[in-house]
Structure formats: C-alpha cells, structure tokens
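The values are calculated or read from the model by the stated rules, or taken from the named source; none is laboratory data. For clarity, every value in this text was computed on a predicted model and none was experimentally measured. Methodologically, a virtual Cβ is constructed for each residue, glycine included, from the backbone with ideal geometry; neighbour enumeration extends over all protein chains shown.
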Amino acid sequence: MEAASDKQASDIVLMDARRVCSFADYFVICTGDTERQIRTIYEEVEHVLKQRGVLPYNHEGTLDSGWLLLDYGDVIVHVFAPFEREYYQLDKLWNEADLVLRMQ
C-alpha cells in the first residue's frame with residue numbers, strides 16, 4: 001500500500017477477504033487519475049515487491065482498459081482509473097470482506 005501511496009494513488013483500500021473468498025486472502029484496490037499514473041503505480045508496486053523477492057503469479061488488464069491487476073496469489077492488487085473503479089465497484093462487490101485500511 002505504501003508503494004501505491006508513494007505514487008499518489010487515491011482511495012487505497014486493503015480488504016481481508018479470507019472469510020468470503022476462496023482464491024485470495026487480501027485485495028488492494030486503488031485509483032490512478034491518468035494512464036501514466038496507473039502505469040507508475042503498477043510498476044512501483046511490482047518493483048517494491050520484486051526487491052523483496054516477491055513476484056506476481058499473473059498480471060492482467062491494459063492501460064487503455066482503465067484497469068491493471070497484479071496477482072500475488074494470496075494478495076491481488078487492482079489499479080483502476082476513476083471511471084472503471086466506479087463502474088466495477090469492487091469495494092461493494094466484496095463488501096462482506098473485512099476492511100483493514102482505507103487511505104484517502
């Protein structure tokens with residue numbers, strides 16, 4: 001979450017999904033205002049975790065789709081553009097997950 005915050009991500013949410021999800025323990029959801037910022041947030045999260053020896057199992061999305069995802073197995077990181085964040089409403093979809101932290 002600090003890596004995303006360092007690159008000016010907004011509305012960063014960490015959710016503990018262990019009670020309600022079988023494929024991941026935690027979701028990190030955040031927003032970047034521009035394609036450049038979304039890419040920068042994504043690259044910084046990947047870079048910081050790679051330095052710690054943590055590599056993603058998978059990644060999905062494209063900049064022009066307004067959504068990028070890093071799948072670390074137990075932790076899934078979503079980086080959205082504002083419109084797509086509002087459209088998909090993952091915060092509401094997973095509202096039964098426990099909110100661990102929200103950074104505006």
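Among the residues of segment 24-48, those identified as touching a strand residue (DSSP E or B) at 6+ places or on another chain (Cβ under 8 Å) and more than 17 Å from Glu86 (Cα to Cα) are Ala24, Asp25, Tyr26, Arg39, Ile41, Tyr42, Val45, Glu46.
Of the residues in segment 89-104, how many are farther than 16 Å from Ala17 by Cα and loosely packed, with under 13 Cβ neighbours inside 10 Å? Please lay out each step first, then the result.
First, the residues of segment 89-104 that are farther than 16 Å from Ala17 by Cα: 103-104.
With the extra rule that they be loosely packed, with under 13 Cβ neighbours inside 10 Å, the set shrinks to 104.
Adding up the residues that qualify gives 1.
Among the residues of segment 2-23, count how many are of a type outside the set (Lys, Arg) and closer than 13 Å to Leu99 by Cβ. Don't jump to the end; show me each part of the working.
The first filter runs over segment 2-23 and keeps only residues of a type outside the set (Lys, Arg), leaving 2-6, 8-17, 20-23.
Retained after the next criterion (residues that are closer than 13 Å to Leu99 by Cβ): 11-17, 20.
So the answer is 8.
Just to be sure, is Tyr72 surrounded by 13 or more Cβ atoms within 10 Å (Cβ to Cβ), at pLDDT 95 or above and in contact with a Phe, Trp or Tyr (Cβ under 8 Å, 6 or more places away or on another chain)? For Tyr72, the condition - surrounded by 13 or more Cβ atoms within 10 Å (Cβ to Cβ), at pLDDT 95 or above and in contact with a Phe, Trp or Tyr (Cβ under 8 Å, 6 or more places away or on another chain) - is met.
Is it the case that some residue within segment 6-25 is of a type outside the set (Gly, Ala, Ser), assigned to a loop (DSSP other than H, G, I, E, B), in contact with an Asp or Glu (Cβ under 6 Å, 6 or more places away or on another chain) and buried (at least 17 other Cβ atoms within 10 Å of the Cβ)? Don't jump to the end; show me each part of the working.
In the first step, residues of segment 6-25 are kept if they are of a type outside the set (Gly, Ala, Ser); the result is 6-8, 11-16, 18-21, 23, 25.
With assigned to a loop (DSSP other than H, G, I, E, B) added as a condition, the list becomes 7-8, 18-21, 23, 25.
Filter once more, keeping what is in contact with an Asp or Glu (Cβ under 6 Å, 6 or more places away or on another chain): 7, 18, 20, 25.
If we keep only those that are buried (at least 17 other Cβ atoms within 10 Å of the Cβ) too, we end up with 7.
Yes, some residue in segment 6-25 is of a type outside the set (Gly, Ala, Ser), assigned to a loop (DSSP other than H, G, I, E, B), in contact with an Asp or Glu (Cβ under 6 Å, 6 or more places away or on another chain) and buried (at least 17 other Cβ atoms within 10 Å of the Cβ).
Beta carbons closer than 7 Å, at least 6 apart along the sequence or on distinct chains, pair a first residue in segment 30-49 that is in a helix (DSSP H, G or I) with a second that is at pLDDT below 95 and surrounded by fewer than 18 Cβ atoms within 10 Å (Cβ to Cβ) for Glu35/Leu63; Gln37/Gln8; Ile38/Leu63; Arg39/Leu63; Glu44/Asp6.
Could you tell me whether any residue of segment 50-70 is within 22 Å of Arg102 (Cβ to Cβ) and touching a Lys or Arg at 6+ places or on another chain (Cβ under 7 Å)? Scanning segment 50-70, I find no residue that is within 22 Å of Arg102 (Cβ to Cβ) and touching a Lys or Arg at 6+ places or on another chain (Cβ under 7 Å), so the answer is no.
Residue-wise test of (1) of a type in the set (A, V, I, L, M, F, W, C); (2) exposed (fewer than 13 other Cβ atoms within 10 Å of the Cβ); (3) in contact with an Asp or Glu (Cβ under 8 Å, 6 or more places away or on another chain).
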| site | (1), (2), (3) |
| --- | --- |
| Asn58 | no, yes, yes |
| Ile76 | yes, no, no |
| Ala81 | yes, no, yes |
| Tyr87 | no, yes, no |
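Taking segment 50-86 only, how many residues are assigned to a helix (DSSP H, G or I) and either more than 19 Å from Met15 (Cα to Cα) or touching a strand residue (DSSP E or B) at 6+ places or on another chain (Cβ under 8 Å) (or both)? Please lay out each step first, then the result.
Quick first cut of segment 50-86, residues assigned to a helix (DSSP H, G or I) only: 50-51, 63-65, 82-86.
When the remaining residues are screened for being either more than 19 Å from Met15 (Cα to Cα) or touching a strand residue (DSSP E or B) at 6+ places or on another chain (Cβ under 8 Å) (or both), the result is 50-51, 63-65, 82-85.
Result for segment 50-86: 9.
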